[in-house]
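Okay, so here's the structure we're looking at.
The values are calculated or read from the model by the stated rules, or taken from the named source; none is laboratory data. A quick note: this is a predicted structure, and the numbers were derived from the prediction, not measured. Note that each Cβ is placed from the backbone with ideal geometry, even for glycine, and that neighbours are counted across all protein chains shown. The protein model used for the area step is the full one, side chains on, heavy atoms only, and it has no ligands, DNA or RNA in it. Shrake-Rupley method; radii C 1.70, N 1.55, O 1.52, S 1.80 Å.
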Amino acid sequence: MNSVMHEMKKQKKVVILSYYRFPCTHAVLENVFAKELGKKVDMLWFFQGEFSKDKKQRWHNSQVVLSRAVKGNHYLIKFINKLMGWQKLFQLLRFLMSGDINIVLVRDLPFEAFLIAPLRLFFKFKLYYQYSSPLGDMHIGNSEIDNTLIRFWHLFQGHYHNFFVKKVIKTADIIFPITNFFKKTLLVHVAEEKMIPITMGVDEDLLNKDKKEIGFLKKMKEKYFLITYFGTLGFLRNPQFILKVFAEVKKQCPECKLILMGKTAYSWQEKELKLTCSYLGIEKDVIFTGQLDRNDLYDYLYYCDLSLSIIPPHSYYKISSPTKLYESLGNGVPVVANKGIYEQEKVVLESGGGFLVDYEIISLSNAIVEMLNNADLRKEMAKKGRNYVINHYSYRKIAKKILPYFTDCYRKDSGRK
């Protein structure tokens with residue numbers, strides 16, 4: 001059996017295209033696909049990234065073919081890199097012409113998937129589409145809160161994305177929505193049997209790693225409760241609301257600090273958040289760490305008493321898979337979360353790993369204070385939450401669940417031969 005699988009792996013590959021750069025730190029792509037599925041499937045990634053000579057790289061248990069990218073965050077550089085990104089399609093075409101591809105998986109690139117779909121008639125591969133979030137609706141949402149000319153670009157991107165994603169999900173062979181709740185919203189466009197949710201989750205190996213000491217947090221924890229929010233601080237997430245919740249907590253529990261781990265979409269947003277802290281009188285109690293890699297994030301979480309999973313209940317977030325929730329609970333940090341995010345409600349209620357309250361300042365602040373004032377409750381929630389997340393949202397288990405959708409194709413093709 002092993003020799004047969006080895007031969008299949010030599011004959012056919014799964015190619016993955018996404019908008020991420022290499023090295024890629026996206027948790028699902030790295031853990032589910034590059035690490036776990038790469039053990040069983042011959043997986044090939046097309047990424048943009050920096051390289052000197054060798055375009056081919058090894059990424060965990062899979063191979064990477066790189067195309068050139070220019071360093072920088074200026075809008076002109078982003079536009080140039082967008083144009084250079086089309087190299088990935090030419091690379092794909094060369095591999096398809098060699099008859100070496102069995103599955104093409106495209107993540108959140110609907111126009112590219114739309115162009116690739118007709119090639120199935122000639123090259124006999126399957127097209128899978130990973131639909132991680134309603135990015136088009138989120139772009140439109142950004143256009144409504146942005147006061148600059150960039151809002152028109154967000155608006156164009158939103159409608160452009162939505163137009164092509166509707167076409168792609170109707171034609172793709174398999175769709176991977178981010179949650180079962182998102183899957184239900186797509187039933188008007190796609191047959192149920194074609195959709196297999198892939199949620200966010202936790203890396204068990206990383207959860208069990210030895211924690212690195214963070215000196216200033218260790219010292220701070222001697223005097224204060226440490227509350228954290230981590231993830232994007234872009235204004236679509238309304239981080240100003242989180243600051244208002246914390247300001248209300250400070251009135252009832254002065255001995256606490258808020259650690260914000262993440263970055264804003266634009267530099268002016270960070271300045272505005274700091275001005276908001278000053279206006280609320282909490283500027284000395286809010287620590288901005290900037291973006292942390294996952295190893296450092298887990299080290300920081302070790303010192304936190306509770307985590308906030310406060311997400312605006314907009315339509316595009318209601319069906320989301322909140323990474324901060326899984327990673328907080330997986331690290332043994334109880335959570336105060338808001339209602340209206342379906343997957344979040346499910347996890348908090350089933351796990352017992354935290355409080356679930358309305359998206360409202362007083363309700364959230366009261367829940368935070370109640371948790372801070374009860375060390376035994378925090379300890380019990382931490383244990384329940386960690387056990388639940390590891391049992392239900394381990395990346396290893398997620399990979400095992402979707403593996404047949406990749407290996408069965410090998411078997412069917414082999415049988416036809």
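Key figures for this structure:
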read-out	value
Where labels lie 7 Å past Cα in the beta-carbon direction, separation of Lys71 and Tyr279 in nm	3.8 nm
Relative contact order, percent, the chain [alpha-carbon distance under 8 Å, six or more residues apart]	14 percent
Span from the the stretch 49-93 Cα centroid across to the the stretch 211-263 one, whole angstrom	36 Å
Lys55 paired with Tyr19, simple spin-label distance in nm, labels 7 Å along Cα-to-beta-carbon	2.4 nm
The stretch 160-258, accessible surface, carbon-and-sulfur percent (1.4 angstrom probe)	51 percent
Asp205-Asn295 pseudo-label distance in nm [points 7 Å out on the Cα-to-Cβ vector]	1.3 nm
Fraction of accessible area attributable to carbon and sulfur, the stretch 308-417 (%, probe 1.4 Å)	51 percent
Per-residue HN-Hα couplings for the stretch 322-338 [Karplus 6.51, -1.76, 1.60; θ = phi - 60°; Hz; x = Gly/Pro]	x, 4, 4, 5, 5, 6, 5, 5, x, 8, x, 10, x, 10, 9, 10, 9
Computed lengthening from Leu115 to Lys219, 0.36 nm per intervening residue step minus Cα-Cα distance	31.9 nm
Rounded to 5, percent antiparallel among DSSP beta bridges of the chain	10 percent
Exposed-loop-free span, longest in the chain, where GluC sites (Glu not before Pro) count as exposed if DSSP calls them loop and at most 14 other C-beta atoms lie within 10 Å	51-212
Cα gyration tensor shape for the stretch 245-361, rounded if a/c is under 1.5, else prolate or oblate	rounded
Local electrostatic count at Gly385 - Lys and Arg +1, Asp and Glu -1, tallied over other residues with Cβ under 12 Å	+2
Global form of the stretch 99-147, assessed from the alpha-carbon gyration tensor, a/c cut-off 1.5	prolate
In Hz, Karplus ³J(HN,Hα) per residue of the stretch 132-138 (6.51, -1.76, 1.60; θ = phi - 60°; x = Gly, Pro)	7, 5, x, 4, x, 5, 5
Prolate/oblate/rounded call for the stretch 176-245, Cα gyration tensor, a/c under 1.5 rounded	oblate
CD proxy at 222 nm, helix term only [per DSSP H run n ≥ 4: -39500 (n - 2.57); per residue of the chain; nearest 500]	-14000 deg cm²/dmol
Per residue solvent-accessible surface (Å²) - the stretch 206-345, probe of 1.4 Å	41 Å²
